[in-house]
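A.B. asks: What follows is a structure written as structure tokens; I'll ask about it next.
The values are calculated or read from the model by the stated rules, or taken from the named source; none is laboratory data. Keep in mind that what you see is a predicted model, and the values were worked out from it rather than measured. Glycine also receives a Cβ, built like all others from the backbone with ideal geometry; neighbour counts cover every protein chain displayed.
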């Protein structure tokens, strides 16, 4: 692995989260680290960018223990865009790492994840990107398993990164208390949520400044749609005690369907 890497770190939990601080501590040995992260919580933003002619506030927090810190009042993908446009010369850094996310980004949670949206933005720009998540949602979660295992995984992934662009890796760690059995290369599992909205019973938030007919909070119950014997589905691997690594690409084309449909459309009507 090259020494003295230029590393960009971001997340979707906000610049002040414990997860991003733990990631910086674990990775700073590999080179120069620059943090540009959202000002506030941005989970579920996927690869959304901050459009709509809305100004995005930026604050340079300075260099702290050799690491450059800043926040942007925008989505995680926008943080990557901003860093490439305003901070890195020639729009290049060596690798983008997103996390450590508070909560799983396995299965179809990947499709909603702001963590993986930031990684996708990096991949769109031809930069190796890795999303890192721990299956714990507490703001004060114990990230010691991640900080123990991830640096070696990071080295191995970078040492073996393929030459093609558009690739990112989604790395998830089992919940605290689940003994780590090893590492498993996986595919994205399938599932969906039901009973997603519950009535909000707390105080009316100050930002709700107009009449509404109800207040709801999104929670839901996950329904596993992957076959039980599919041990390589990322969320199953995590349940079994494995660190899951799922390769992902920016190409959303279903190539099997492309071939099938082309055969149908080539037929005479």
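A.B. asks: Return the residues of the range 191-217 that are under 20 Å from the mean Cα position of the chain (by Cα) and over 27 Å from residue 181 (Cβ atoms); say none if nothing qualifies.
C.D. replies: If the condition is that a residue be under 20 Å from the mean Cα position of the chain (by Cα) and over 27 Å from residue 181 (Cβ atoms), then 192, 193 are the ones that fit.
A.B. asks: Given the criterion more than 24 Å from residue 154 (Cα to Cα) and in contact with a helix residue (DSSP H, G or I) (Cβ under 8 Å, 6 or more places away or on another chain), identify the matching residue among 67, 33, 96, 49.
C.D. replies: Values: 67 fails: more than 24 Å from residue 154 (Cα to Cα); 33 fails: more than 24 Å from residue 154 (Cα to Cα); 96 fails: more than 24 Å from residue 154 (Cα to Cα).
Result: 49 is the single residue among 67, 33, 96, 49 that is more than 24 Å from residue 154 (Cα to Cα) and in contact with a helix residue (DSSP H, G or I) (Cβ under 8 Å, 6 or more places away or on another chain).
A.B. asks: Suppose we filter 227, 162, 206 for residues that are under 22 Å from residue 14 (Cβ atoms) and assigned to a loop (DSSP other than H, G, I, E, B); which single one remains? Break it down into steps so the answer makes sense when it comes.
C.D. replies: On the way: 227 fails: under 22 Å from residue 14 (Cβ atoms); 162 fails: under 22 Å from residue 14 (Cβ atoms).
Unique residue meeting the criteria: 206.
A.B. asks: Another one. Out of all the residues in the range 208-218, is one or more out of contact with any helix residue (DSSP H, G or I) (no Cβ under 7 Å at 6 or more places or on another chain) and within 27 Å of residue 142 (Cα to Cα)? Write out each step before concluding.
C.D. replies: Restricting attention to the range 208-218, the residues satisfying the condition of being out of contact with any helix residue (DSSP H, G or I) (no Cβ under 7 Å at 6 or more places or on another chain) are 208-218.
Filter once more, so that each one left must be within 27 Å of residue 142 (Cα to Cα): 217-218.
Scanning the range 208-218, I find at least one residue that is out of contact with any helix residue (DSSP H, G or I) (no Cβ under 7 Å at 6 or more places or on another chain) and within 27 Å of residue 142 (Cα to Cα), so the answer is yes.
A.B. asks: What's the total number of residues in the range 144-185 that are surrounded by 15 or more Cβ atoms within 10 Å (Cβ to Cβ) and in contact with a strand residue (DSSP E or B) (Cβ under 8 Å, 6 or more places away or on another chain)? Steps first, answer last, please.
C.D. replies: Pass one, the range 144-185, residues surrounded by 15 or more Cβ atoms within 10 Å (Cβ to Cβ): 145-147, 149-150, 153-154, 157-158, 167-175, 178, 183-184.
Add one more test, that the residue is in contact with a strand residue (DSSP E or B) (Cβ under 8 Å, 6 or more places away or on another chain), and what stays is 145-146, 149-150, 153-154, 157-158, 167-175, 183-184.
Final tally of qualifying residues: 19.
A.B. asks: Of 180, 212, 208, which residue is under 30 Å from residue 237 (Cβ atoms) and either in contact (Cβ under 8 Å) with a residue 40 or more places away in the chain or not assigned by TED's automatic domain parsing to the domain that holds residue 113 (or both)? It would help to see each step written out before you state the result.
C.D. replies: Values: 212 fails: under 30 Å from residue 237 (Cβ atoms); 208 fails: under 30 Å from residue 237 (Cβ atoms).
The unique qualifying residue is 180.
A.B. asks: Report the residue count in the range 186-203 for those that are touching a strand residue (DSSP E or B) at 6+ places or on another chain (Cβ under 7 Å) and either surrounded by fewer than 13 Cβ atoms within 10 Å (Cβ to Cβ) or not in a loop (DSSP other than H, G, I, E, B) (or both). Reasoning before the result, please.
C.D. replies: Our first condition is that a residue be touching a strand residue (DSSP E or B) at 6+ places or on another chain (Cβ under 7 Å); within the range 186-203, this holds for 186-189, 191-200.
Checking the rest, the ones that are also either surrounded by fewer than 13 Cβ atoms within 10 Å (Cβ to Cβ) or not in a loop (DSSP other than H, G, I, E, B) (or both) come to 187, 191-199.
Counting residues in the range 186-203 that are touching a strand residue (DSSP E or B) at 6+ places or on another chain (Cβ under 7 Å) and either surrounded by fewer than 13 Cβ atoms within 10 Å (Cβ to Cβ) or not in a loop (DSSP other than H, G, I, E, B) (or both) gives 10.
A.B. asks: Would you mind telling me which numbered condition in (1) part of a strand (DSSP E or B); (2) closer than 19 Å to residue 228 by Cβ residue 183 fails?
C.D. replies: (2)
A.B. asks: Confirm whether residue 143 is under 24 Å from residue 187 (Cβ atoms), assigned by TED's automatic domain parsing to the domain that holds residue 82 and either in contact (Cβ under 8 Å) with a residue 60 or more places away in the chain or within 18 Å of the chain's Cα centre (by Cα) (or both).
C.D. replies: no
A.B. asks: For the range 46-143, which fully contained strands (runs of 3 or more DSSP E) count at least 1 residues that are at negative phi and crowded, with 20+ Cβ neighbours inside 10 Å?
C.D. replies: Values: elements: 58-64, 67-72, 95-102, 129-134.
Correct list: 67-72, 95-102, 129-134.
A.B. asks: Mind checking whether some residue in the range 7-19 is surrounded by 17 or more Cβ atoms within 10 Å (Cβ to Cβ), out of contact with any helix residue (DSSP H, G or I) (no Cβ under 8 Å at 6 or more places or on another chain), in a helix (DSSP H, G or I) and in the same structural domain as residue 156 (by TED's automatic domain parsing)?
C.D. replies: Looking for residues that are surrounded by 17 or more Cβ atoms within 10 Å (Cβ to Cβ), out of contact with any helix residue (DSSP H, G or I) (no Cβ under 8 Å at 6 or more places or on another chain), in a helix (DSSP H, G or I) and in the same structural domain as residue 156 (by TED's automatic domain parsing), one finds at least one in the range 7-19, hence yes.
A.B. asks: Related question: Within the range 258-267, is there a residue that is surrounded by fewer than 10 Cβ atoms within 10 Å (Cβ to Cβ), touching a residue at least 12 places away in the same chain (Cβ under 8 Å) and not assigned by TED's automatic domain parsing to the domain that holds residue 97?
C.D. replies: no
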